[in-house]
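Notes follow the structure.
Please treat every number below as a calculation from the coordinates, not as lab data. Just so you know, these numbers come straight off a predicted model, no measurement behind them. When we count neighbours, we look across all protein chains shown, and the Cβ atoms used for this are built from the backbone with ideal geometry, even at glycine.
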Amino acid sequence: MPAVQETVERVKRIDVDQYRYGFETLIDTEKAPKGLSEEIVKFISQKKNEPDWMLQWRLEAYRRWLTMTEPTWARVEYPKIDFQDIYYYAAPKPKKTVTSLDEIDPEILKTYEKLGIPLREVAMLEGVEPKPGEEDPARRKIAVDAVFDSVSVATTFKAELKKAGVIFMPISEAIREHPELVQKYLGSVVPTSDNFYATLNSAVFSDGSFVYVPPGVRCPMELSTYFRINERNTGQFERTLIIADKGSYVSYLEGCTAPQRDENQLHAAVVELVALDDAEIKYSTVQNWYPGNSEGKGGIYNFVTKRGDCRGANSKISWTQVETGSAITWKYPSCILRGDNSSGEFYSIAISNGFQQVDSGTKMIHLGKNTSSRIISKGIAAGKSQNTYRGLVTAHRKATGARNFTACDSLLIGDKCGAHTVPYIEAKNSSATFEHEATTSKISEDVLFYCIQRGLSQEEAVGLVVNGFVKDVLQQLPMEFAVEAQKLISISLEGSVG
Amino acid sequence: MALLEVKDLKVRVEEREILHGLTLTVNEGEVHAIMGPNGSGKSTLSHVIAGKPGYEVTDGQILFKGEDLLEMAPEERAAKGVFLAFQYPVEIPGVATMNFLRTALNAQRKARGESEYSTPDFLKKVREVSKSLNIPQDMLKRGVNVGFSGGEKKRNEVLQMALFEPSLCILDEMDSGLDIDALRIAADGVNALRSPKRAMVVITHYQRLLNYIVPDFVHVMSKGRVVKSGGKELALELEESGYTQFEDAA
Ligand SMILES: Nc1ncnc2c1ncn2[C@@H]1O[C@H](COP(=O)(O)OP(=O)(O)OP(=O)(O)O)[C@@H](O)[C@H]1O
Ligand SMILES: [Mg+2]
């Protein structure tokens with residue numbers, strides 16, 4: 001496959017310490033004063049022109065947050081975060097309502113261009129060969145919502161989506177334009193009281209994406225959001241809400257990058273998915289926040305709450321994640337299998353190198369009858385990193401016929417890193433069948449030498465072997481993302497051997 | 001100029017000397033067989049030539065086409081035409097054989113400053129070679145050597161050899177684990193690659209393989225040295241009387 005070759009080329013072009021997305025965009029921004037208070041919450045709500053119910057919702061979350069403490073159970077270590085030393089709102093200046101791409105600050109457009117994200121309404125061209133029987137990717141369209149620091153700067157293909165009845169817009173707009181939908185579903189999967197970071201997010205989230213797919217509609221294109229943190233000392237707290245109404249289908253992609261900075265930056269997002277009867281949501285993430293430098297300085301703290309609710313019968317939610325960035329990742333995309341015959345999937349590739357710490361996994365909560373879930377996790381630890389899979393599979397008393405299959409494989413590169421597997425399994429009824437498999441292996445010197453004897457360099461060999469290791473998960477990604485992810489995997493493992 | 005010149009080579013593994021001054025000269029177009037008891041250092045020699053890490057060369061030198069081979073990175077040696085068919089080929093799960101072949105071939109071509117193969121040219125070439133080796137196309141879709149039988153793994157080595165067109169082929173016990181038919185197919189594949197520009201070093205324990213791949217020279221290795229060299233009749237002699245007669249010489 002030419003992608004491997006391409007990966008290798010790219011790896012060669014960059015230095016070990018060079019994070020490809022580490023540049024900063026110099027634009028005027030408007031910020032709220034540093035720190036957090038009721039005033040700041042009101043400021044954010046006001047900036048967004050929110051109705052009063054939204055402000056009250058935020059304030060309630062804020063007051064609750066004040067009573068909460070940070071979770072400490074994850075296998076991650078970091079100095080205490082000073083929540084008063086963060087900007088909770090930053091927006092690119094001239095802040096007027098943008099109606100077309102031409103009105104967006106050209107510097108921002110350039111940023112997204114540099115990141116390889118097509119904001120111009122063009123089809124995505126990645127030079128990918130289409131699989132037999134699949135559409136030519138050059139003609140495939142992807143609608144993009146771009147979030148820059150705290151605000152959404154552009155959403156593409158709006159008109160075409162509207163024709164299909166699909167609502168895809170910044171959540172700040174949805175709060176104003178579709179309050180009935182937002183009020184009904186916001187916080188219905190991740191309640192404002194859920195956990196420290198989710199509660200903080202509920203109080204201060206500034207933007208994110210909103211998707212509603214009406215009954216029986218198959219969303220005509222992939223939807224995607226790119227998150228970019230640009231400002232210094234700024235936290236990013238985006239909020240995503242996706243509702244797939246009865247019998248609908250949507251595939252959603254999320255990508256993230258940030259500039260290279262010495263200080264740590266906080267990213268605490270909340271994603272809520274709701275699938276009604278017979279609906280399906282496929283949610284894919286390629287997370288590539290700045291991981292910090294080779295000494296472990298800087299990088300993003302990625303403390304994210306993602307949860308899907310299979311609310312209707314026969315509904316399905318599938319999470320696929322490729323996690324390569326961030327100094328610390330704390331993230332457990334989960335499924336509540338409420339509807340009878342509903343199913344949840346979690347496919348994960350989590351790569352840690354340097355001093356990165358990953359504590360990630362999933363929860364599959366079986367509540368309905370004959371629900372099924374599947375977990376495939378591939379953890380790769382290199383350098384001095386720590387990589388933990390943490391999973392919970394439970395079957396409620398009434399969840400007769402619940403089935404789960406879990407396979408967790410860890411691959412170690414070098415001997416200064418660690419991989420850990422922490423699975424919890426709880427079946428409250430005897431008809432549940434839960435299967436769990438786990439392996440941990442070291443990348444074998446003999447395998448590497450075999451590849452090298454056939455002409456590959458050490459780095460090429462590692463890239464090839466790792467891409468083979470994660471193949472089952474890569475196949476779950478939409479094609480454009482799979483190619484991108486494959487490159488990213490090799491790049492993140494640079495300098496991990498020899 | 002010889003294709004390969006190993007001169008007075010001394011090699012240590014983990015503080016223990018395994019090769020104690022080994023000398024071997026291979027010219028273009030020649031086929032050399034190396035025989036010798038278990039543990040005499042045959043695989044060690046092949047690994048050192050290919051550049052496997054973990055071996056310390058304490059004395060002597062290896063010249064390949066007149067250049068100092070020990071100065072080259074192992075992937076550079078591969079690109080320059082050194083090919084080792086492994087005694088124990090490894091499995092690489094999730095990496096389709098076809099993908100592996102193409103990635104490796106293009107890496108070598110690139111290192112030599114040659115253009116990459118186009119997809120149709122590449123596929124055509126693989127199809128030709130795999131057909132002659134009786135390798136079904138389905139096998140090429142599977143992970144490298146994953147679930148291959150012993151015979152299939154060895155045939156996959158010969159397939160790569162045919163594809164990469166190296167100038168020096170080292171075959172480490174390619175006959176082990178092969179049934180008679182598989183042996184014939186693999187040996188035919190190797191024979192098809194014999195050419196005046198290419199040399200082969202065939203490591204084996206059994207005269208039988210040499211009935212198929214007839215060598216120009218036979219060397220007997222014992223305790224880290226070549227203790228006797230001769231023509232193909234030396235292999236027959238060994239088959240009759242075993243290695244004990246050479247133990248003293250070492
Ligand atoms: N990595 C290693 N660590 C320690 N000893 C080693 C290592 N590799 C080889 N040896 C030793 O070196 C000696 C030569 O081994 P080698 O594999 O080269 O023998 P061989 O001639 O290929 O044997 P066989 O016919 O069984 O394949 C043996 O005594 C072996 O135990
Ligand atoms: Mg051997």
(message) Let me check I've understood the local charge: for B:Ser229, count other residues with C-beta under 14 angstrom from its C-beta, Lys and Arg +1, Asp and Glu -1. What total comes out?
(response) -1
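For B:Arg198, B:Arg127, A:Arg239, what ranking results if the residue with the fewest other Cβ atoms within 10 Å of its Cβ goes first?
Values: B:Arg198 20, B:Arg127 13, A:Arg239 24.
Ranking B:Arg198, B:Arg127, A:Arg239 by Cβ neighbours within 10 Å, fewest first, gives B:Arg127, B:Arg198, A:Arg239.
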(request) In whole angstrom, note down how far apart the Cα centers of the stretch B:1-56 and the stretch A:306-378 are. (result) 53 Å
(request) Would you calculate the separation in nanometres between label points at B:Asp181 and A:Lys428, each defined as 7 Å from the Cα along the Cα-to-beta-carbon direction? (result) 6.0 nm
(request) Take the alpha carbon atoms of the stretch A:189-204, find their center, do the same for the stretch B:193-220, and report the distance between the two centers in whole angstrom. (result) 72 Å
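For the stretch A:343-403, state which chymotrypsin sites (Phe, Trp or Tyr not before Pro) are in a DSSP loop and have at most 15 other beta carbons lying within 10 Å of their beta carbon. Before the final figure, lay out the partial values.
On the way: sites: A:Phe346, A:Tyr347, A:Phe355, A:Tyr389; in loops: A:Phe355.
Those that pass, being in a loop and sparsely packed, number zero.
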(request) Determine the dipole magnitude for the stretch B:190-250: charges of +1 sit on the beta-carbon of Lys and Arg, -1 on that of Asp and Glu, nothing else is charged, the reference point is the Cα centre, and the result goes in debye to the nearest 20. (result) 460 debye
(message) Can you sort B:Glu152, B:Glu239 from fewest to most other Cβ atoms within 10 Å of each residue's own Cβ?
(response) B:Glu239, B:Glu152
(request) Identify, among B:Leu236, B:Leu209, B:Val82, the residue whose Cα sits farthest towards the positive end of the charge dipole of chain B, taking +1 on the Cβ of Lys and Arg and -1 on the Cβ of Asp and Glu, with the dipole about the Cα centre. (result) B:Val82
(message) Using a 7 Å offset from the Cα along the Cα-to-Cβ direction at both A:Glu70 and B:Glu56, what is the distance between the two label points in nm, to one decimal?
(response) 4.7 nm
(message) Is there a quick way to get the dipole size of the stretch B:1-70? I mean about its Cα centre, with the Cβ of Lys and Arg at +1 and of Asp and Glu at -1; what is the value in debye to the nearest 20?
(response) 200 debye
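Other chains near A:241-252: what is the mean number of their Cβ atoms within 10 Å of each residue's Cβ?
On the way: counts 0, 0, 0, 0, 0, 0, 0, 0, 0, 0, 0, 0.
Across the residues of A:241-252, the mean count of other-chain Cβ atoms within 10 Å is 0.
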(request) Amide H neighbours of A:Gly296 under 5 Å, at least 5 residues apart or on other chains, H built in the peptide plane: list them. (result) A:Phe355
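What is the Rg over Rh value, at two decimals, for the stretch B:4-249, using alpha-carbon atoms and the Kirkwood definition of Rh?
On the way: Rg = 17.9 Å, Rh = 18.6 Å.
Here Rg/Rh amounts to 0.96.
Can you give the relative contact order of the stretch B:1-146 as a percent, counting alpha carbon pairs under 8 Å and 6+ residues apart?
The value is 23 percent.
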(message) Along the charge dipole of the stretch A:387-487, pointing to its positive end and built from +1/-1 on Cβ of Lys, Arg, Asp and Glu, which listed residue (A:Ala482, A:Thr388, A:Gln453) has its Cα farthest out?
(response) A:Thr388
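Just flag the GluC sites (Glu not before Pro) in the stretch B:60-144 sitting in loop per DSSP whose Cβ has no more than 13 other Cβ atoms within 10 Å.
Numbers: sites: B:Glu67, B:Glu71, B:Glu75, B:Glu76, B:Glu91, B:Glu114, B:Glu116, B:Glu128; in loops: B:Glu91, B:Glu114, B:Glu116.
Passing sites in the stretch B:60-144 are B:Glu114.
Give me B:His205, A:His366 ranked fewest to most by other Cβ atoms within 10 Å of their Cβ, as a rough exposure proxy.
Ranked by crowding around the Cβ, least crowded first: B:His205, A:His366.
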(request) Determine which lysines satisfy two conditions relative to B:Lys65: a Cα distance under 26 Å, and not lying fewer than 8 residues away in the same chain. (result) B:Lys7, B:Lys10, B:Lys42, B:Lys52, B:Lys80, B:Lys110, B:Lys197, B:Lys228, B:Lys232
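Pairs to check: A:Lys282/A:Lys378; A:Lys363/A:Lys442; A:Lys42/A:Lys184; B:Lys131/B:Lys153; A:Lys246/A:Lys487; A:Lys363/A:Lys428. Give those whose C-alpha atoms are more than 25 Å from each other in this structure.
On the way: A:Lys282/A:Lys378 19 Å; A:Lys363/A:Lys442 27 Å; A:Lys42/A:Lys184 22 Å; B:Lys131/B:Lys153 15 Å; A:Lys246/A:Lys487 37 Å; A:Lys363/A:Lys428 16 Å.
Beyond 25 Å between Cα atoms: A:Lys363/A:Lys442; A:Lys246/A:Lys487.
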